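Comments concern the structure below.
The values are calculated or read from the model by the stated rules, or taken from the named source; none is laboratory data. Everything quoted here is computed from the prediction, not taken from an experiment. Because the Cβ atoms are built from the backbone with ideal geometry, glycine has one as well, and the counts that use them run over all protein chains shown. Just the protein is used for accessible areas: all its heavy atoms, side chains included, with ligands, DNA and RNA removed. Shrake-Rupley method; radii C 1.70, N 1.55, O 1.52, S 1.80 Å.
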Amino acid sequence: MELVKGLFKIPSFLFGLALFLGTLGLAFFGPLLWHIDVVSRVGDPYMAPGAGHWLGTDHLGVDMVSMLITGLRASLYVGFLAGVVATVVGTLIGVYGGYKGGLLDDILTVATNLFLVIPTLIVLILLSSSMEKGRSLTLIALIIGCTTWTWSARAVRAQSASLRARDHVALARINGYSTIEIVLEQILPYLLSYVFMVFILQTATAILTEATISMLGLGPYDSISLGKILNDARTNEALIGGKWWAFIPAMVLVTVIAFSLYVINTAMEGVFNPRLRK
Amino acid sequence: MTAPALPVQAPVPGPAPKPAAGKVVLEVEDLRVHYLTRFGAKIQAVDGVTFSLKQGEILGIAGESGCGKTTLVSGCMGLYIPPLYHTSGDVRIDGQSIVGMTPEQNRKEVLGRKIAMIPQGALNSLNPTRKIKDMATDMILSHDESADKKTINDRLRERFSRIGLDAQKVLNSYPVELPAGTKQRCVIGISTLLNPKVVVADEPTSALDVSTQKSVIRLLFELMNQEIISSMLFITHELPLLRHVSSSIAVMYAGEFVEYGSTEQVIFDGRQPYSRALMGSMLSTEPGQKSRKPVAIEGAPPKLDKPIPGCRFAERCPVAQPDCRSTDQVLRVVGGRQVRCKYADTDLVKQVGGTV
Amino acid sequence: MTEHLKFEATHISRVFGHGKKAVTAVDDVSFAIKDREIISLVGQSGCGKTVLAKMLLRLEQPTRGELLFNGKPITATGDPRNHWRQVQAVFQDPFSCFNQFFTIRNQLKASFRLFEKKPSPAEIEERVDQALLAVNIKPREIDGKFPFELSGGQMQRMLLARIFILKPQVLIADEPTSMVDACSRASILDYLMKLKEELSMTIVFVTHDIGLAYYVSDSIYIMHKGKIVEQGPPDDVTQRPQSDVTKRLLEDIPDVHREWIPREAAVAAAR
């Protein structure tokens with residue numbers, strides 16, 4: 001508890017948290033404050049920002065603010081879903097391997113390293129381009145989660161291995177706890193703050209990854225995401241035409257989410273990682 | 001080159017005679033220290049302690065955990081970091097008061113330079129990711145930001161070879177690369193780099209096996225003979241150990257000294273039931289001692305969240321008399337040492353524990 | 001003949017790692033532990049005594065040699081829980097033995113999962129209370145408390161309370177006194193004697209302090225670099241030590257009646 005209190009005294013943490021809560025608030029409450037309409041043409045293509053349409057319109061004449069809020073919601077959804085998948089899968093494999101040690105750990109480590117060297121982006125591009133129709137937002141999130149869990153696994157494995165030698169684990173063993181019970185009751189609680197940090201990092205990475213592949217034109221077919229807005233701007237000559245409102249706001253949003261999460265993570269690491277704590 | 005002119009000499013392996021004790025270096029006067037619990041209760045952990053330490057002297061402070069000895073150490077170092085607060089009294093090192101400083105000021109002017117602590121778990125207090133040299137350099141830089149690299153290196157090399165280490169090799173090693181004994185030397189060497197006037201050893205040997213314990217204490221003596229350490233407070237829960245370490249002993253209970261005298265007096269002729277009971281819990285392997293069963297002191301020290309009327313040890317004292325709980329005890333001189341017990345000069349206390 | 005032997009080890013070794021990096025923690029050790037005996041494994045840190053204790057506990061397997069428990073190989077019963085019903089342990093650092101996220105009472109109650117027939121909840125509470133009383137703790141004193149709220153001595157007694165609940169045949173006590181105050185050590189030894197006398201337990205006491213071993217044991221084993229270098233009744237081992245290791249261990253005890261570190265050093269330092 002002391003540590004959590006200490007966290008709230010760190011300016012960079014508060015700053016990151018405020019930024020992140022701001023974007024989260026925009027995603028949740030935006031639709032209440034702004035009339036969202038991403039289907040009708042409300043004006044001419046690439047109408048400059050002005051009264052009524054604060055950030056102008058896109059290449060089809062759709063209201064840009066509506067597009068951004070919708071895209072933000074999609075990006076956050078991808079981030080959280082992929083973050084949860086990557087964290088859960090990675091943590092379970094990491095904790096289990098680290099606790100068990102021996103041959104099983106070796107096998108899991110090799111598997112983790114194999115996944116680690118497969119570049120996520122290439123897998124995503126290959127999968128995305130081969131699945132023209134079924135490329136839903138959820139599927140993309142799952143793919144991102146399933147290819148990035150290796151980072152969580154590696155981070156958690158080391159921590160878990162160091163907890164394995166602790167006396168309370170030995171005592172739990174001679175109390176007849178099964179391996180799964182030990183992992184869940186004796187090891188995971190000690191790693192919770194760490195796992196939470198991993199989750200934040202994974203979420204930020206997933207949001208950036210989704211934006212990247214969407215911008216390459218391989219994004220979800222069923223939703224508008226921030227990356228897709230960028231892709232639309234790119235393919236419809238917004239950059240050459242100097243229509244900054246079509247891409248700058250989306251870029252700023254992606255950057256702000258990822259940046260705030262990274263700032264939060266760094267501040268938390270300073271507090272929870274005893275090695276960095278002075 | 002502005003390196004301090006420390007005389008270079010070969011490490012002295014064994015004990016050697018030392019010059020006689022000099023002036024008083026540490027004076028603690030009626031010190032009271034308290035801390036606040038999460039629920040706002042005030043715990044008076046150190047309650048009116050007075051003593052002084054001369055140059056070249058080792059004072060042993062003994063008591064079980066919870067008696068206030070570790071709080072006393074923080075108090076003597078001027079480390080008042082919430083929830084720990086200075087209530088009243090004074091601590092002077094070389095005549096200069098160190099209470100009432102900000103933690104930053106204290107860190108800069110007092111810690112390491114005037115008074116330094118040898119950490120409890122000496123082996124685990126080194127950062128595994130940094131070289132010995134870097135940690136030692138930090139120690140110097142924390143007090144002298146302007147020191148240049150060469151000066152520091154020369155100084156480290158000189159000091160490390162003086163404490164019997166292969167300076168070149170050890171300084172460039174990571175803690176894991178060093179054997180336990182060398183690591184211990186490094187920890188003690190780093191803590192005493194700035195030639196502090198007073199060294200506080202807070203349970204430096206608890207949880208060590210007997211042989212390692214002996215080697216740590218041997219090292220401390222060696223450093224004293226070389227005048228790297230000039231005087232020392234040795235804190236321990238093992239009163240019998242002080243027989244071999246200190247020249248005088250203060251036994252602490254519930255935030256107060258209950259007996260304060262020479263080592264001989266306290267170890268072999270204790271006049272306070274608590275110090276006698278501490279001796280009685282000792283185990284000896286001398287022939288015929290097996291039948292003399294060691295006696296544990298039942299119960300735990302009081303919490304000190306409210307004033308305790310009468311003698312603070314009365315509730316655990318095997319020979320407590322009805323009037324012990326009603327009369328407050330003051331330190332008075334009995335048999336040449338200070339004792340806090342109404343019956344210190346009677347045969348009653350001799351029924352408790354005592355030496356083998 | 002082996003009827004009354006609790007443990008019987010013949011040439012057991014435990015090697016960690018492989019090839020050049022192999023470390024032999026326990027090196028070709030043989031011994032027999034009789035029923036209702038307190039034996040002490042004494043040695044410096046790193047002498048292999050803890051690894052040996054872990055083998056008796058079935059937390060480590062011998063790399064070579066044979067280890068019998070009650071006349072049968074220790075792994076004879078497939079489920080290690082059968083072994084832990086009969087052989088239990090207390091460890092050195094009572095704080096690290098308890099999970100800081102659960103109350104102590106709940107962790108004591110967790111011992112009942114070892115029982116083949118789990119008692120009713122009311123009986124569990126009752127038996128936890130009894131075990132606490134056996135180690136001189138008022139049951140209400142620890143209600144709702146977490147490990148960090150108790151003192152070291154109290155926590156060590158919590159570990160012993162667990163033993164009073166489980167009532168195993170054998171107790172492995174791995175340095176139970178090294179983290180407690182000197183004045184509570186004697187009481188830990190008293191509990192060990194009580195377990196032996198009231199519950200007829202066989203006790204393996206692992207310690208670095210030959211002085212403690214001298215008080216409680218029926219037999220002392222001195223270990224050094226993975227080997228048992230001397231063994232015998234406490235009086236023989238402490239009064240007529242044969243091995244240099246034993247002599248050194250005895251010498252290093254800071255006994256008040258003997259010179260420890262040559263006196264002139266202490267006196268000189270003190271002046």
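Taking the condition of being surrounded by 14 or more Cβ atoms within 10 Å (Cβ to Cβ) and part of a loop (DSSP other than H, G, I, E, B), how many residues in the range C:1-58 meet it?
11
Can you name every residue in the range B:155-181 that is of a type in the set (Ser, Thr, Tyr) and open to solvent by less than 30 Å² (accessible area, probe 1.4 Å)?
First, the residues of the range B:155-181 that are of a type in the set (Ser, Thr, Tyr): B:161, B:173-174.
Selection gives B:173 alone.
What tally of residues in the range B:188-203 results from selecting those that are over 26 Å from residue C:152 (Cα atoms) and open to solvent by less than 10 Å² (accessible area, probe 1.4 Å)?
At the first step, the residues of the range B:188-203 found to be over 26 Å from residue C:152 (Cα atoms) are B:188-199.
Right, trim to open to solvent by less than 10 Å² (accessible area, probe 1.4 Å) and you get B:188-189, B:192-193, B:196, B:198-199.
Total meeting the criteria: 7.
For residue A:219, are the conditions met, namely being surrounded by 22 or more Cβ atoms within 10 Å (Cβ to Cβ) and at pLDDT 85 or above? It would help to see each step written out before you state the result.
Values: surrounded by 22 or more Cβ atoms within 10 Å (Cβ to Cβ): yes; at pLDDT 85 or above: no.
No: the conditions fail for residue A:219.
Read through the list (1) in contact (Cβ under 8 Å) with a residue 60 or more places away in the chain; (2) more than 13 Å from the chain's Cα centre (by Cα), then give the number of the only condition that residue B:218 fails.
Of the numbered conditions (1) in contact (Cβ under 8 Å) with a residue 60 or more places away in the chain; (2) more than 13 Å from the chain's Cα centre (by Cα), the odd one out for residue B:218 is (1).
Got a number for residues in the range A:15-38 being open to solvent by 40 Å² or more (accessible area, probe 1.4 Å), in a loop (DSSP other than H, G, I, E, B) and not hydrophobic (A, V, I, L, M, F, W, C)?
1
Report the residue count in the range A:164-203 for those that are of a type in the set (Gly, Ala, Ser) and at the interface with another protein chain (Cβ under 9 Å from one of its Cβ atoms).
3
Return yes or no: is residue C:133 more than 14 Å from chain B (Cβ to nearest Cβ), open to solvent by 40 Å² or more (accessible area, probe 1.4 Å) and over 19 Å from residue C:39 (Cα atoms)?
yes
For the condition more than 30 Å from residue B:95 (Cβ to Cβ), open to solvent by 40 Å² or more (accessible area, probe 1.4 Å) and small (Gly, Ala, Ser), what is the one hit in B:146, B:206, B:215?
None of the others qualify; the one that does is B:215.
I need the full set of residues from the range C:59-80 which are buried (at least 18 other Cβ atoms within 10 Å of the Cβ) and in a helix (DSSP H, G or I), in order please.
Of everything in the range C:59-80, nothing turns out to be buried (at least 18 other Cβ atoms within 10 Å of the Cβ) and in a helix (DSSP H, G or I).
Condition test on residue C:212, is it at the interface with chain B (Cβ under 10 Å from one of its Cβ atoms), open to solvent by less than 30 Å² (accessible area, probe 1.4 Å), under 18 Å from residue C:177 (Cα atoms) and in contact with a Leu (Cβ under 7 Å, 6 or more places away or on another chain)?
Yes.
If you go through the range C:30-48 one residue at a time, do you hit one that is modelled with pLDDT of 90 or more, within 11 Å of chain A (Cβ to nearest Cβ) and out of contact with any Leu (no Cβ under 9 Å at 6 or more places or on another chain)?
Scanning the range C:30-48 turns up no residue that is modelled with pLDDT of 90 or more, within 11 Å of chain A (Cβ to nearest Cβ) and out of contact with any Leu (no Cβ under 9 Å at 6 or more places or on another chain).
Please specify each residue of the range C:235-249 satisfying the condition of being touching a residue at least 12 places away in the same chain (Cβ under 8 Å) and either touching a Lys or Arg at 6+ places or on another chain (Cβ under 7 Å) or among the aliphatic types (A, V, I, L, M) (or both).
Listed by number, the residues that qualify are C:237, C:245, C:249.
Being away from chain B (no Cβ under 11 Å) and open to solvent by less than 70 Å² (accessible area, probe 1.4 Å) is the filter; apply it to the range C:234-245 and report the residue that is nearest to residue B:211 (Cα to Cα).
C:243
Quick check, is residue B:342 of a type in the set (Lys, Arg) and part of a loop (DSSP other than H, G, I, E, B)?
Yes, satisfied.
Determine, yes or no, whether residue C:169 is within 25 Å of residue C:86 (Cα to Cα), open to solvent by 20 Å² or more (accessible area, probe 1.4 Å) and not hydrophobic (A, V, I, L, M, F, W, C).
yes
For every residue, the table says whether it meets (1) closer than 30 Å to residue B:281 by Cβ; (2) assigned by TED's automatic domain parsing to the domain that holds residue B:281; (3) in a loop (DSSP other than H, G, I, E, B).
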| residue | (1), (2), (3) |
| --- | --- |
| B:47 | yes, no, no |
| B:78 | no, no, yes |
| B:85 | no, no, no |
| B:91 | no, no, no |
| B:99 | no, no, yes |
| B:117 | yes, no, no |
| B:130 | no, no, yes |
| B:140 | no, no, no |
| B:144 | no, no, yes |
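So residue C:196 fits all but one of (1) open to solvent by 10 Å² or more (accessible area, probe 1.4 Å); (2) part of a helix (DSSP H, G or I); (3) within 13 Å of chain B (Cβ to nearest Cβ); (4) not aromatic (Phe, Trp, Tyr); what number is the exception?
Only one criterion in (1) open to solvent by 10 Å² or more (accessible area, probe 1.4 Å); (2) part of a helix (DSSP H, G or I); (3) within 13 Å of chain B (Cβ to nearest Cβ); (4) not aromatic (Phe, Trp, Tyr) is unmet by residue C:196, namely (3).
Among residues belonging to the range C:170-186 that are touching a helix residue (DSSP H, G or I) at 6+ places or on another chain (Cβ under 8 Å) and of a type in the set (S, T, N, Q), point out the one that is nearest to residue B:237 (Cα to Cα).
C:184
Restricting the first residue to the range B:236-249 and requiring it to be more than 7 Å from every other protein chain (Cβ to nearest Cβ) and closer than 18 Å to residue B:215 by Cβ, which pairs with a second residue that is modelled with pLDDT under 90 and open to solvent by 10 Å² or more (accessible area, probe 1.4 Å) meet a Cβ separation below 6 Å and a spacing of at least six or different chains?
Qualifying pairs under 6 Å: B:236/B:203.
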